Amino acid sequence: MSMKEKMHTGELYLPGDEEIMKEQFKRLDRLYDFNMTRPTELEKRAVMLKEMFAEIGEGCYIEPPFHANFGGGHVHFGKCIYANFNLTLVDDTHIYVGDYTMFGPNVTVATAGHPILPELRQQGYQYNFPVSIGKNCWIGAGVVIVPGITIGDNVVVGAGSIVTKDIPSNVIAVGNPCKVLRELNEHDKEYYFKDRKITL
């Protein structure tokens with residue numbers, strides 16, 4: 001099995017492999033071009049994202065600067081996803097995000113890790129595990145999601161949280177490490193923020 005194939009199996013591999021680097025640099029050049037677009041070039045950005053991503057639905061918007069190890073090449077976005085400044089997707093393997101999910105600024109979603117044994121790190125070994133985020137989620141500012149995590153649908157992850165374990169659907173989760181605070185409830189149908197009533 002080649003190093004490139006091992007990227008998606010969870011096995012240890014060497015990311016500096018020549019075949020991997022050749023593809024990575026090509027994708028990073030395209031990401032650079034995306035980040036250099038002007039704020040008014042919305043149509044150009046949309047076309048570029050369709051070229052860069054493994055999959056991306058209609059109505060998605062990513063605010064530059066956007067960072068991704070493989071330029072989005074292993075990222076699968078549904079439709080109508082919004083990402084604020086400095087979204088970092090360590091997409092050495094696959095990242096899946098459902099429709100209508102939103103990312104606050106400075107969110108990191110990482111699929112890559114390095115072995116605990118220092119001798120293996122010294123040799124440059126890495127492993128990757130996919131991340132899956134459901135539909136209608138709100139990932140708050142500064143959240144970090146580590147490799148292998150699954151987050152369900154309709155989840156709010158509070159700002160600054162470090163997600164180290166899976167999170168079920170229909171909950172609010174916060175903290176470091178991130179834990180479920182509570183389920184969504186009737187109060188949330190009436191109030192959008194603290195004591196501010198929904199009047200729409």
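Read the figures in this text as sums done on the coordinates, not as results from a lab. Source: prediction; values computed, not measured. Using ideal geometry, Cβ is built from the backbone for each residue, glycine included, and neighbour counts are taken over all protein chains shown.
When a/c reaches 1.5 or more, the comparison of a/b and b/c decides; with that in mind, is the chain rounded, prolate or oblate per its Cα gyration tensor? It is oblate, given that a/c is not under 1.5 and a/b is not larger than b/c.
The value of relative contact order for region 1-116, using C-alpha pairs under 8 Å at least six residues apart, is 19 percent. The label point for Leu12 and the one for Tyr125, both projected 7 Å from the Cα toward the Cβ, are 0.1 nm apart. When we measure straight from the Cα of Lys79, which lysines land under 21 angstrom away, once same-chain ones fewer than 8 places off are left out? Once the sequence-local lysines are set aside, what remains near Lys79 is Lys44, Lys50, Lys135. Note on region 111-138 and region 168-200: Cα centroid distance 29 Å, given to the nearest whole angstrom.
Loop-located GluC sites (Glu not before Pro) in region 35-72 (DSSP state not H, G, I, E or B) with no more than 12 neighbouring Cβ atoms inside 10 Å: Glu58.
Let a ≥ b ≥ c be the square roots of the eigenvalues of the Cα gyration tensor of region 122-200; is it rounded (a/c under 1.5), or, if not, prolate (a/b larger than b/c) or oblate? Prolate, because a/c is 1.5 or more and a/b exceeds b/c. Positive-end ranking of Cys178, Gln122, Leu12 along the dipole of the chain, with charges on Cβ about the Cα centre, is headed by Cys178. Placing unit charges on the Cβ atoms of the charged side chains and taking the dipole of the chain about its Cα centre, the candidate lying farthest along the positive direction among His187, Leu31, Ala54 is His187.
A crude spin-label estimate for the pair Lys194 and Asn170, with each label 7 Å from Cα along the Cβ direction, gives 2.9 nm. Computed from backbone phi, the HN-Hα couplings of region 125-138 come to 6, 9, 9, 9, 9, x, 10, 10, 10, x, 7, 6, 8, 10 Hz, rounded to whole numbers (Karplus: 6.51 cos²θ - 1.76 cosθ + 1.60, θ = phi - 60°; Gly and Pro given as x).
With a Förster radius of 45 Å applied to the beta-carbon distance between Asn84 and Ser2, the computed FRET efficiency rounds to 0.80. Counting only Cβ charges, +1 for Lys and Arg and -1 for Asp and Glu, the dipole size of the chain around its Cα centre is about 440 debye. Look at the alpha carbon pairs under 8 Å that are at least 6 residues apart: their mean separation over the length of the chain gives a relative contact order of 13 percent. For the pair Leu181 and Lys26, a Förster radius of 35 Å applied to the C-beta separation gives a FRET efficiency near 0.25, rounded to the nearest 0.05. For Lys194, the lysines whose Cα falls under 22 Å of its own Cα, not counting residues fewer than eight places away in the same chain, are Lys179.
Per-residue ellipticity at 222 nm, computed for the chain from helices alone with -39500 (n - 2.57) per DSSP H run of at least four residues, works out to -6000 deg cm²/dmol.
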